[in-house]
1. Go through 35-41, 258-264 and give me the packing order, highest mean Cβ count within 10 Å leading.
2. Would you be so kind as to identify which of Val393, Met418, Met436 lies farthest towards the positive end of the dipole of region 372-447, taking Lys and Arg as +1 and Asp and Glu as -1 on Cβ and the Cα centre as origin?
3. Using only the alpha carbons, work out the radius of gyration and Dmax of region 533-603 in angstrom.
4. For Lys461 and Lys337, FRET efficiency with R0 = 35 Å and r from the beta-carbon atoms, rounded to 0.05?
5. How large is the translational diffusion coefficient of region 719-762 in µm² per second when you combine the Kirkwood radius over alpha carbon pairs with Stokes-Einstein at 4 °C and 1.567 mPa s?
6. So between Ser372 and Glu330, what do we pick up on full extension, going 0.36 nm a residue minus the alpha carbon distance?
7. Among the trypsin sites (Lys or Arg not before Pro) in region 564-659, which ones are in a DSSP loop with at most 16 other Cβ atoms within 10 Å of the Cβ? Mind listing them?
8. Calculate, in nm to one decimal, what Glu138 and Thr684 gain on full extension: separation in residues at 0.36 nm each, minus their alpha carbon distance.
Amino acid sequence: MSEFNIDNIMERAQSPLLKSPSYKMIALRVPVVFPGQTSHFDLSRDKSLLAVERANAEKEPIFLAAQRSSAQSNPQPKDIYTVGVLAKIQQIIKLPNDTARILVTATDRMRIEEYVSSAPYFEVLLTPFPLLEEESTELTAVRRAIKDQLVVYGKLEHKVPKENLAGLHSDDAEKFVAAAAQYLFDKDDARQALLEKESQYQQFETIYARLVNVCEIMAVEKKIALKVRESVDKNQKEYYLREQIKAIHDELGEGEEERETLLKRAEEKKLPAYAMEKLTKELNRMDKMSQTSPEAGVIRTYLEWMLDLPWNEMSEENPDLTRAQEILDEDHYGLDKVKERIVEYLAVHRLNGSLKAPILCFVGPPGVGKTSVVTSIARAAGRKLVQMSLGGVRDEAEIRGHRRTYVGALPGRILSGMKTVGVANPVFLLDEIDKMSSDFRGDPASAMLEVLDPNQNNQFKDHYLEIPYDLSKTMFVATANTLDSIPAPLLDRMEIIELSGYTYDEKLQIAKRYLLPKQLAANGMSAENVAVGDDVMMDIISLYTRESGVRNLEREIAAVIRKLAVKVVVANDKTLAFDVQRSDLKDYLGVPRFKADKKAAKDHTGRVTGLAWTRVGGVTLNIEAVLIEGGKGDITLTGNMGDVMKESARTALSLVRSRADKYGIDRDKFSKYDIHIHIPEGATPKDGPSAGITLATALLSALSGLKVRGNVAMTGEITLLGDVLAIGGLKEKSLAAFRSGVKTLIIPAENEKDIADLPAEVTEHIRLVSADTIDTVFDTAIVKKSKKTAQGGV
């Protein structure tokens, strides 16, 4: 090995490479670099990339220093070792994702004297830190000892190719030290300590001690391999490999280390006593198995799952009710019942910290904000949110998980969500709970009974976990479009809050406050340069959408903004201002999809406007009835009616027939004419009893020849004796009547209690008539004959 003297070192320190008063520096995560070593590494930090680019542009060397911890993503001076190497940049290769690979050759060992700057990159003042190379008997002795020990090392080391170890036999001191650091030292702090040694003798002495230690470990490994090989049949290769690994783990004590680590994590998590007992039992089972056996892997995965679940971790809740109300109002317009219920819960929870979280279910047509309001609830309550979509779920294991006897078994989506969110008191959204189904794999709705029962979910048992898990602190919120498909036991466990459709005024406010600003931002337009008046927005609402929610309205607004964005790009002028007028809508959105004329329809004989409730809100339902001469009194029902609606039609016919004399109907018509009742839009299934009074009115009109007022709509179930019974979905049906321009709405008298919940738009523009018998319905809807007509005048 060559010898260096201090004069050579100082001469290099005064070389042109070292004339700069300060140097750019890179803090390295990768192993320590030594003088004389050529190495490459990847850079991703902006600070490091900029330092390399500047140093390369200025043809300066760069200083490389190792971090004390590779986990530090933004190291400060205190996190960086003070001794490193000055290196010449040989090559820079740009890589994807804003990274670069650089090739450097380290030249001199230096020490940081002072940090000149830490931004935008590290810049430091350096002082040379050469090795003291005093020639001595000890140095000569340690060199010979290393040479002899390398012979032993070469006989034991068979994993690294011989050509890779050539540096260990080099006569160049720098190359030898660099190679020894790479192949003999496996920890960065040990490499750094080697770099910081003051003399060549200290470096060689450290290398010799490590070399002896490595050779002893390799000798023990060889001994273990021999012992295992002798104890098993040579043909049992698989068993031999497992026994060898087990012996190595026993020798190093790694199995015990893993056990201690898991127990320490369990203590930190403060697991319940029953969970701790289960964990200890599984650990004892795993200790008796080979570490590489499949069963040990299953147990290890189970233990990791148990320790990853949040048992006592809680998010800090928001105690300020005023702030919670502000957050709810910021995110959503209207939805007063939802907001009131959440504020009530927060208030009671503040007074009684042990209150069980409510199980809420928001029911309403698509697009009214059921799912988005849950995000606001989590924000208002100061809780984390986890979402689980139940649409199409048909396997019970999706909820409760699989038993560990199955290959690849995992917990259900409830516990998976809890693990993801990391706290025991999140807001848990169960989206589309009405769209679960069942098959031969089980009924997930039945599995949800335990999850959504406040008296049971503190002991929820997942098939995989096998021990109780407390869900009582979780606020479960479900959403659904309809309650019809939700099993009664599951429905009974939830607090139902109905979100009905929006009125025109509500849609206008939502569009102005939320949808328009959102689409302007999404399409890169400035709110200052785009003006959309209330009259224009109302035209979009009434002429281009007909829905309970606002999803289509948002799409139409987005279409208008995109057209404006095209004009901005074509004109290449971002300051271009727009004032959208009603006349522009035809160019932006095309021909209106719905009629704007809200004048009352003409009076007709045999045609009545009814109302129906659907999953997307209320709709109008035109029912038509005609007489066919030369018949036998048969009744034909078309329009895709369900069984209940068909029974309502026959009931209505019997009712009208029983009152034929009162309304001047010739009884021969019931035997000499056939009656045909039709409901247009035959592709749409229709069912339910609420069209009873509508069917009766249509039959009375057709049989008597009296016209029905065109500006009247009605809804209500009819009995055989003429009583009008209550119906559901009055708000949605009244909104449908309002949208279609109806002036008078006939409702059952039993539904008068629901009038208070109707929007102001409906009660201000529509006359509501309560009917307890069919006579009130006929008197309101049927156009009476004039005296002249009644007397047979022309």
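1. Taking the mean over residues of other Cβ atoms within 10 Å, the ranking is 35-41, 258-264.
2. Met418
3. Expressed in Å, the Cα Rg and Dmax of region 533-603 come to 14.5, 56.
4. Working from the Cβ atoms, E equals 0.55.
5. Stokes-Einstein gives a translational diffusion coefficient of 114 µm²/s.
6. Working it through step by step, the gained length comes to 13.9 nm.
7. For trypsin sites (Lys or Arg not before Pro) across region 564-659 that sit outside H, G, I, E and B with at most 16 neighbouring Cβ atoms in 10 Å, the list reads Lys574, Arg593, Lys595, Lys598, Lys599, Lys602, Arg615, Lys632, Arg659.
8. Roughly 186.6 nm would be gained on extension.
The values are calculated or read from the model by the stated rules, or taken from the named source; none is laboratory data. What you see is a predicted model; the values in this text were computed from it and never measured. In this analysis, Cβ positions are derived from the backbone assuming ideal geometry, glycine residues included, and neighbour counts consider all displayed protein chains. Heads up: the accessible areas ignore ligands, DNA and RNA and are worked out on the full protein's heavy atoms, side chains in. Shrake-Rupley method; radii C 1.70, N 1.55, O 1.52, S 1.80 Å.
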